[in-house]
Amino acid sequence: MAFANPNISDIMATTIVNRSKKIADNVSNNNALLARLKKSGKIKPVSGGTYIMQELSFAENNNAGWYSGYDILPTGVTDVLSAAQFDWKQAAVPVVISGLEQLQNSGKEAMIDLMESRLSVAEKTLANLITGGLYSDGTGAGGKQIDGLDAAVPLDPTAAPYGGIDGDTFAFWRNAVSDQTAANGLDPTKIQAYWNILWSQLVRGQERPDLIMADTQVWNAYIASLQAQQRFTNTQSADAGFMSVKFMDSDVVLDGGIYNGSSGSGAPTGTAYFLNTDYLHYRPHAQRNMVALSPNRRYATNQDAEVQIIGWAGNMTCSGRQFQGRYDANGT
């Protein structure tokens, strides 16, 4: 099969390679949670393995204790470390160009402009796909979607295992949940009192939530609860320009607004996630983080067209479920 421009694959592949880091950065900067994880060094690529393993501490060292003089100190082996196990999830967006488009844009500069435009749309689409998946329970698309916040911080942490660990059996693997009916949970005169209670359940020493992701309804209720002289904003939340207000010393970020079906981004209606991002991790594969799946030519067998595919593989993991909370204004 003859193609109008035999160099188009090289242009496509090279352009994708040159933009791969930009595409990955656009994904991380597209969501306040990923931007915070990036800032705190919690975006850690994985080099391989059958599963993504996330190490965690689930108990204290039983050998700790008081002693005097020549007392015998305990030296027994204490099992304090374990790991949660997560499946690999994959996402991709094909960038397609037809033979006719190659003819119409046969000049090198014109072809680069065309590919830049196609890739710009592709990277935004993939960014929305992944950041939208950050709120999923991992069952979407036949179980192929990211294990997002609905899996890590569910309404019922004992209902199903997460990361291979059963919250019904292990208390340390249960997030906190605050349920209210919409009449109370969205009442500006009551929301701060409910948040105070949930907050206190997530504090251990200096460990506490640092990011609250709220949908439009909860955000509006919280904003309405603030007196004008008490309100202050931080336009550089997570160093990514997300407008936020504060609760205690945590950034409260709106992640509602425009939602475009499964490819959009936004917290579930009537929900706010109280997150300690020290225990959340974004784990892309080191060799599959917004890159061309193959630098070789991909031809359609029955069409005059070429395709390059931008691919991603990884998952979101958690190493401390007990430090995460969920505010549900809908009530359960």
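The values are calculated or read from the model by the stated rules, or taken from the named source; none is laboratory data. Quantities reported herein were computed from a predicted structural model and do not represent experimental measurements. A quick note on method: Cβ atoms are made from the backbone with ideal geometry, for glycine too, and the neighbour counts reach across all protein chains shown.
Given the structure, is Ile191 touching a strand residue (DSSP E or B) at 6+ places or on another chain (Cβ under 7 Å) and either touching a residue at least 60 places away in the same chain (Cβ under 8 Å) or surrounded by 17 or more Cβ atoms within 10 Å (Cβ to Cβ) (or both)?
no
Would you please list the contacts, defined by Cβ atoms under 7 Å and residues six or more apart or on different chains, that run from a residue in the stretch 319-332 that is polar (S, T, N, Q) to a residue that is assigned to a loop (DSSP other than H, G, I, E, B) and at pLDDT 90 or above?
Gln322/Arg174; Gln322/Asn175; Gln324/Val153; Gln324/Asn175; Gln324/Asn276; Asn330/Gly270; Thr332/Leu155
Checking the conditions here, which among Gly163, Gly138, Gly142 is touching a strand residue (DSSP E or B) at 6+ places or on another chain (Cβ under 6 Å) and on the phi > 0 side of the Ramachandran plot?
Testing whether each residue is touching a strand residue (DSSP E or B) at 6+ places or on another chain (Cβ under 6 Å) and on the phi > 0 side of the Ramachandran plot leaves just Gly163.
Take the residues in the stretch 211-266 that are in a loop (DSSP other than H, G, I, E, B) and either on the phi > 0 side of the Ramachandran plot or touching a Leu at 6+ places or on another chain (Cβ under 6 Å) (or both), then tell me which one is modelled with the highest pLDDT.
Met248
When you check Leu37 against the structure, is it of a type in the set (A, V, I, L, M), farther than 30 Å from Asp251 by Cβ, part of a helix (DSSP H, G or I) and modelled with pLDDT of 60 or more, yes or no?
Considered against the rule, which asks whether it is of a type in the set (A, V, I, L, M), farther than 30 Å from Asp251 by Cβ, part of a helix (DSSP H, G or I) and modelled with pLDDT of 60 or more, Leu37 comes out as no.
Could you pull out the residue among Ser47, Ser9 that is at pLDDT below 75, on the phi < 0 side of the Ramachandran plot and either among the aromatic types (Phe, Trp, Tyr) or touching a strand residue (DSSP E or B) at 6+ places or on another chain (Cβ under 8 Å) (or both)?
When all the criteria are applied, what remains is Ser9.
Name the pairs: first residue in the stretch 91-103 and touching a residue at least 12 places away in the same chain (Cβ under 8 Å), second residue in a strand (DSSP E or B) and aromatic (Phe, Trp, Tyr), Cβ to Cβ under 6 Å, at least 6 apart or on different chains?
Filtered contacts from the stretch 91-103: Ala91/Trp312.
Yes or no: the stretch 126-134 includes at least one residue that is out of contact with any Cys (no Cβ under 9 Å at 6 or more places or on another chain), modelled with pLDDT under 95, surrounded by 21 or more Cβ atoms within 10 Å (Cβ to Cβ) and assigned to a loop (DSSP other than H, G, I, E, B).
Checked against the condition, which is being out of contact with any Cys (no Cβ under 9 Å at 6 or more places or on another chain), modelled with pLDDT under 95, surrounded by 21 or more Cβ atoms within 10 Å (Cβ to Cβ) and assigned to a loop (DSSP other than H, G, I, E, B), the stretch 126-134 yields at least one hit.
Return the pairs, sorted by first residue and then second, in which the second residue is modelled with pLDDT under 95 and aromatic (Phe, Trp, Tyr), the first residue lies in the stretch 137-159 and is part of a helix (DSSP H, G or I), the beta carbons are less than 9 Å apart, and the residues are 6+ apart or on different chains.
Sorted first by the residue in the stretch 137-159, then by its partner, the pairs are Leu149/Tyr135; Asp150/Tyr135; Ala151/Tyr162; Ala152/Tyr162.
Every residue, every condition in (1) within 23 Å of Asp166 (Cβ to Cβ); (2) at pLDDT 90 or above; (3) crowded, with 16+ Cβ neighbours inside 10 Å, yes or no:
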{"position": "His281", "(1), (2), (3)": "yes, yes, yes"}
{"position": "Ala286", "(1), (2), (3)": "no, no, no"}
{"position": "Met290", "(1), (2), (3)": "no, no, yes"}
{"position": "Ala300", "(1), (2), (3)": "no, no, no"}
{"position": "Ala305", "(1), (2), (3)": "no, no, yes"}
{"position": "Gly311", "(1), (2), (3)": "no, no, yes"}
{"position": "Gly314", "(1), (2), (3)": "no, yes, yes"}
{"position": "Cys318", "(1), (2), (3)": "yes, yes, yes"}
{"position": "Gln322", "(1), (2), (3)": "yes, yes, yes"}
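Being under 28 Å from Arg288 (Cβ atoms) and either at pLDDT 80 or above or of a type outside the set (Gly, Ala, Ser) (or both) is the filter here, so list the residues in the stretch 103-122 that pass it.
Met111, Ile112, Asp113, Leu114, Met115, Glu116, Arg118, Leu119, Val121, Ala122 - these are the residues of the stretch 103-122 that are under 28 Å from Arg288 (Cβ atoms) and either at pLDDT 80 or above or of a type outside the set (Gly, Ala, Ser) (or both).
Can you name the condition, by its number, that Arg208 falls short on among (1) surrounded by fewer than 20 Cβ atoms within 10 Å (Cβ to Cβ); (2) at pLDDT below 90; (3) of a type outside the set (S, T, N, Q)?
Failed condition: (2).
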